[in-house]
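I have placed the structure first, in the form of C-alpha cells, so that the comments after it can refer back to it.
The values are calculated or read from the model by the stated rules, or taken from the named source; none is laboratory data. All figures in this text were calculated on a predicted structure; none of them were measured in a lab. Every residue, glycine among them, receives a Cβ derived from its backbone with ideal geometry; neighbour counts consider all protein chains shown.
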Amino acid sequence: MSDSDEFVVEGRLAVESLVNATCFEIRSILIEEGRHLDFVQRIRSRDLPLHIADRETLIAEAGYDFHRGVIARAKRQIPSSPTVDILEGMSRLVFPVGLADRGNLGTVVRNAVAFGADAIVVEKGRGADIWSRIAIRASATAVFRVPVYEVEDSTRFIRDARKAGFVSVGTTLAERSRPLREMEPADQTLILLGAEKDGLNSSLQDACDHLVRIPMANEMDSLNVAATAAIVCHELFAGQ
C-alpha cells in the first residue's frame, strides 16, 4: 500500500474513465501539445486542471515513455467499507484477498468488471495497492467503473454480506472444495480469491458458505489468479 494521498493515471482511455467517474478529485491532467485535441476541449469545458506540455516534460512526469500523451493525478478517496444497506442493493461482489502482484490485482478487477461485478472489495493495508500505476493500467479502466471498498476484517465482512443476502464462494484447492460446475449461481454472490502463493487461509475458508475448485488437466494444479477470476465470475455471474 502507498502512503501518498494521490495516484497517477496514464493514457487517454484511463484518464477519460477517471474523468467520467466524477467521484474523484482530479489534481492535474497533463497532455502532450498537439495531441488529443478533442479531449483537451472536453477537459476545458469542465474546468478541470489542464496543463499542455512537450513530450520531454511528459516523459519526465511519467518516469518512462508510456504515457501515450496523457497523464493525470487524482486524490485518493478515503477508504470505506460497505454497510449492509449498501450490500443489499448489489448482487455480484469480487474480493481478491491479499494479492501481492499489482498486475494480477488489476487484471482480476478487469475480469470481474467484465463479467458483471457490482463492486470490488480489498483488504485494508494488506496486499498490492489497487491504486498503483501498474494495477490501474492492468485493470484497463475497470477500476474506475465500479466502487472499490476496503475492509479491515475479512471474516466480519463475509458475515455482513451474508446478512445482506449474499452467498460467499471461496476458491481453493482444498480437498473439501467441489468442482465449480457443481455450484449453482445464487441471486447474490460474493467470490473470494486467495493470494497467489498461499490461497485463502483456513479461517476464510471456514467463513465461506461454499468452496470451489476448477478441475485441471495434464497434472496442472493451479491457475493464475486472474484466470481463475475470469472463469469463476463467468460461471457464477453469467446467469444473474
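Looking only at residues in region 113-126 that are under 20 Å from residue 79 (Cα atoms) and either in contact with a strand residue (DSSP E or B) (Cβ under 7 Å, 6 or more places away or on another chain) or free of Cβ contacts under 8 Å to residues at least 24 places away in the same chain (or both), the one that is surrounded by the fewest Cβ atoms within 10 Å (Cβ to Cβ) is 124.
For region 98-140, the set of residues classified as of a type in the set (Ser, Thr, Tyr) and either under 20 Å from residue 232 (Cα atoms) or touching an Asp or Glu at 6+ places or on another chain (Cβ under 8 Å) (or both) consists of 107, 139, listed by residue number.
Among the residues of region 204-240, the ones that are polar (S, T, N, Q) and either at pLDDT below 90 or touching a helix residue (DSSP H, G or I) at 6+ places or on another chain (Cβ under 6 Å) (or both) come to 2 in all.
If you go through region 143-160 and keep only what is closer than 26 Å to residue 24 by Cβ and hydrophobic (A, V, I, L, M, F, W, C), you end up with 143, 144, 146, 148, 151, 157.
Quick one: would you say residue 113 is part of a helix (DSSP H, G or I) and closer than 30 Å to residue 221 by Cβ? So residue 113 fits the description; yes. On the stretch given as region 5-55, residues that are surrounded by 13 or more Cβ atoms within 10 Å (Cβ to Cβ), outside any helix (DSSP H, G or I) and among the hydroxyl-bearing types (Ser, Thr, Tyr) total 1. Return yes or no: is residue 187 exposed (fewer than 14 other Cβ atoms within 10 Å of the Cβ) and without any contact (Cβ under 8 Å) to a residue 24 or more places away in the chain? Here the answer is no, as residue 187 does not meet what is asked.
Cβ separations smaller than 6 Å between residues 6+ apart or across chains give the following pairs from region 75-95 residues that are assigned to a helix (DSSP H, G or I) to residues that are surrounded by 13 or more Cβ atoms within 10 Å (Cβ to Cβ): 84/160; 84/164; 87/161; 87/164; 88/164. When region 61-89 is filtered for residues that are modelled with pLDDT of 85 or more and either buried (at least 20 other Cβ atoms within 10 Å of the Cβ) or among the small types (Gly, Ala, Ser) (or both), the ones remaining, listed by number, are 69, 70, 71, 72, 74, 80, 81, 82, 87, 89.
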